[in-house]
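Asks: Dumping the structure here so I can ask a few things about it.
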Amino acid sequence: MESRETKPWLEMLSELGEAFPLSEQVAPPVGGGFIHSFDFVGALSRCLSESAIIVTDAAGSLLTTFYGIRIKPGQRMFASQGLSEMGGGLPSAIGAKIAAPDSPVLCVSTDGSIMLNLQELQVANTYKLRIKLVVLNNEGYGMIRASQDNLSLKRSGSESGDDLGFPDFEKVARTFDMGHTLIDSTEQLQEKLQALMDSGTAELIEVRMSPDQLYLPRLGTVKNKDGSLSSPPLENMVPLIREELLTYWLERA
């Protein structure tokens, strides 16, 4: 709600949105059987009804959804931002569906996070809770990989391979009496999602992301020569804003 006190702040936010378009702050779209999670969430946001309840899990699902979603009047969105515990999204979505049985409930998780509470799908199945479960599949733990790469560390325990594996999510969906839809490109993305959101069935929507996709903007923590870590201030994230522009907007704030 705009007031005399908030109007200057809202006007500045509008100017910032024009100066730094959202589409330019993320990595460019990917192909080759992968879809950028930002493209997916953007399409998802456009087809959710005004009564929808969105629940996110931890890490990449939280960042992508909070960054790209456009909440409409009447919608509600939940996340555990303080703890950001992996696996919290699905049981939270089950609770939301029980509390609001007539509202569409969507849970956005990742292949890493969903493994910590995958068994809760049986609760949804037992009680016939028609939840839409999105699994952002980047073949491992994307944020851990990014940190390892950023700090010039060897990737270990963060990507699918000999020492880390994930199930076939189509088989998982079938096990718990859910439909399964694979999304790996922007082709007909909007039409596919609209049909899924309009259906009254439980669905596991698997989104194939590039294992190397970064979540931007982010703090570019660096490793110093003495082994210590340094992080820039919160207002100076990667991709970096030109110093004169950053100074200008900080003086406006």
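Asks: Applying the selection to segment 195-231, what residues are over 28 Å from residue 30 (Cβ atoms) and not hydrophobic (A, V, I, L, M, F, W, C)? So that I can check it myself, show each step before the final result.
Replies: First pass over segment 195-231, keeping only residues over 28 Å from residue 30 (Cβ atoms): 200-202, 224-230.
Of everything in segment 195-231, those that are over 28 Å from residue 30 (Cβ atoms) and not hydrophobic (A, V, I, L, M, F, W, C) turn out to be 200, 201, 224, 225, 226, 227, 228, 230.
Asks: Another question, if that's okay. Within segment 186-193, does at least one residue satisfy the condition of being hydroxyl-bearing (Ser, Thr, Tyr), out of contact with any helix residue (DSSP H, G or I) (no Cβ under 6 Å at 6 or more places or on another chain) and touching a residue at least 12 places away in the same chain (Cβ under 8 Å)? Write out each step before concluding.
Replies: So the first thing to find is which residues in segment 186-193 are hydroxyl-bearing (Ser, Thr, Tyr), and the list is 186.
Within this subset, residues satisfying the condition of being out of contact with any helix residue (DSSP H, G or I) (no Cβ under 6 Å at 6 or more places or on another chain) are none.
No, because not a single residue in segment 186-193 is hydroxyl-bearing (Ser, Thr, Tyr), out of contact with any helix residue (DSSP H, G or I) (no Cβ under 6 Å at 6 or more places or on another chain) and touching a residue at least 12 places away in the same chain (Cβ under 8 Å).
Asks: Residue 182 fails exactly one of the following numbered conditions: (1) at pLDDT below 90; (2) under 21 Å from the mean Cα position of the chain (by Cα); (3) surrounded by fewer than 17 Cβ atoms within 10 Å (Cβ to Cβ). What is the number of that condition?
Replies: Among (1) at pLDDT below 90; (2) under 21 Å from the mean Cα position of the chain (by Cα); (3) surrounded by fewer than 17 Cβ atoms within 10 Å (Cβ to Cβ), residue 182 violates only (1).
Asks: Ok, one more. Residue 236 is checked against (1) polar (S, T, N, Q); (2) at pLDDT below 85; (3) more than 24 Å from residue 67 (Cβ to Cβ); (4) part of a loop (DSSP other than H, G, I, E, B) and fails just one. What number does that condition carry?
Replies: Against the list (1) polar (S, T, N, Q); (2) at pLDDT below 85; (3) more than 24 Å from residue 67 (Cβ to Cβ); (4) part of a loop (DSSP other than H, G, I, E, B), residue 236 comes up short only on (3).
Asks: Across segment 85-124, what is the number of residues that are free of Cβ contacts under 8 Å to residues at least 24 places away in the same chain and either of a type in the set (Lys, Arg) or crowded, with 19+ Cβ neighbours inside 10 Å (or both)?
Replies: 0
Asks: Please determine, by comparing only the residues of segment 117-159 that are assigned to a strand (DSSP E or B) and not charged (D, E, K, R), which one is farthest from residue 208 (Cα to Cα). Walk me through it before giving the result.
Replies: Taking segment 117-159 and keeping what is assigned to a strand (DSSP E or B), we get 132-137, 140, 159.
Now narrow it down to the ones that are not charged (D, E, K, R): 133-137, 140.
On the way: 133: 14, 134: 11, 135: 9, 136: 6, 137: 5, 140: 12 Å.
Filtering first and then ranking leaves 133.
The values are calculated or read from the model by the stated rules, or taken from the named source; none is laboratory data. Everything numeric here is computed off the predicted structure, so don't read it as measured data. For neighbour counting, all protein chains shown are included, and Cβ atoms are generated from backbone atoms with ideal geometry for every residue, glycine included.
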